[in-house]
Amino acid sequence: MNRRKLVVGNWKMNGLRAQLGEIEAIGALATDHPAAEIGLCVPATLIGAADAIKGAAFIGAQDCHMKDNGAHTGCLSAAMLAEAGASWTIIGHSERREDQGETDADVAAKALAAQAAGLKVILCVGESLSVRDAGDAENVVSAQLLASLPEGAAADWLAIAYEPIWAIGTGRIPTMEQVAAMHGALRSALESCIGSEAGAMRILYGGSMNGENAAELMAVPDVDGGLVGGASLTAAKFAPVIAAAG
Ligand code: PEP
């Protein structure tokens, strides 16, 4: 199955209007690399301004509420994010699962809310270091994926990001064998749930991906791109990752 590589920057809680020039430059990189799909998930405050200068990149959000509206002070609905200019959103990042106590059921509900508002979704899963050390990572992350997967999951609006928690922001990455084993296990888990649709669904790797390791990581079977934090914050750092995707 030929899956178009998807490379997405996650700016987390970084970025003010002073960084709009970086977003514009990353949009231009996306224009120069049409073989891959490139996006940038920016803080919600920057979505509108980023949308105006995004070139061939898409602009995404980093979360959405599971409800359409109501008494949820400080939260943003998927429709609000779409109206601001987002076309994708990350859901279930480990930092939100940990900091905000988001459960697998919350993640599935948020993904459905996003899809209902017309957003595409990057659904994140990944194991802690203790689970990795216990030798149980594939089973635990496969179960997490199946419990987080929304009804009607389909490749035209949903991608998965495998992000080992211990690799995020640490400079450590799994071995290529570990990445291959995990991505193969996640593809099989998807097959058990959504059948042949699993063959079209993109599974990204995330966790300390950068210009030095991106080509090797993206050459691993079943790795269909990357979710990139620190190395997406400037066009200069993101450029070799985008180039590695084609
Ligand atoms: C992330 O948090 O999604 C991520 C992959 O971060 P980093 O690339 O900085 O490890």
Q) Within segment 97-105, is there a residue that is in contact with a helix residue (DSSP H, G or I) (Cβ under 6 Å, 6 or more places away or on another chain) and under 28 Å from Thr170 (Cβ atoms)? A) yes
Q: Select from segment 164-184 the residues that are outside any helix (DSSP H, G or I) and open to solvent by 10 Å² or more (accessible area, probe 1.4 Å) and write down the one among them that is farthest from Asn10 (Cα to Cα).
A: Thr175
Q | Of the criteria (1) away from the ligand (no atom under 16 Å from the Cβ); (2) farther than 21 Å from Tyr162 by Cβ; (3) more than 17 Å from the chain's Cα centre (by Cα), which one Gly15 fails | A | (1)
Q) Considering only helices (runs of 4 or more DSSP H) fully contained in segment 87-135, which possess at least 3 residues that are of a type in the set (Asp, Glu)? A) 94-99
Q.
Of the conditions (1) within 20 Å of the chain's Cα centre (by Cα); (2) outside any loop (DSSP other than H, G, I, E, B), Leu76 satisfies every one except a single condition; which number is it?
A. (2)
Q. Which of the residues that make up segment 1-23 are within 16 Å of Val241 (Cβ to Cβ), open to solvent by 20 Å² or more (accessible area, probe 1.4 Å) and not in a loop (DSSP other than H, G, I, E, B)?
A. Glu22
Q: Scan segment 188-230 for residues that are among the charged types (D, E, K, R), in a loop (DSSP other than H, G, I, E, B) and within 16 Å of the ligand (Cβ to nearest atom) and report the count.
A: 3
Q | Pair list, Cβ < 6 Å and 6+ apart or interchain, from segment 194-211 residues that are open to solvent by 10 Å² or more (accessible area, probe 1.4 Å) to residues that are in a helix (DSSP H, G or I) and within 14 Å of the ligand (Cβ to nearest atom) | A | Ser208/Ala167; Asn210/Ala231; Gly211/Pro240; Gly211/Val241
Q: Tell me, yes or no, whether segment 162-179 has at least one residue that is closer than 20 Å to His93 by Cβ, in contact with a Phe, Trp or Tyr (Cβ under 9 Å, 6 or more places away or on another chain) and aromatic (Phe, Trp, Tyr).
A: yes
(Q) Conditions first: (1) closer than 20 Å to Gly169 by Cα; (2) in contact (Cβ under 8 Å) with a residue 24 or more places away in the chain; (3) open to solvent by 60 Å² or more (accessible area, probe 1.4 Å). Ile91 passes all but one, so which condition is the exception? (A) (3)
Q. If you check Ala108 against the conditions, is it farther than 18 Å from Trp11 by Cα, away from the ligand (no atom under 14 Å from the Cβ) and surrounded by 13 or more Cβ atoms within 10 Å (Cβ to Cβ)?
A. yes
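The values are calculated or read from the model by the stated rules, or taken from the named source; none is laboratory data. Treat the numbers as computed from the prediction; the structure is a model and nothing was measured. Heads up, the Cβs are rebuilt from the backbone with ideal geometry, glycines too, and the neighbour counts pull from every protein chain shown. Side chains included, ligands, DNA and RNA excluded: accessible areas come from the protein's heavy atoms. Shrake-Rupley method; radii C 1.70, N 1.55, O 1.52, S 1.80 Å.
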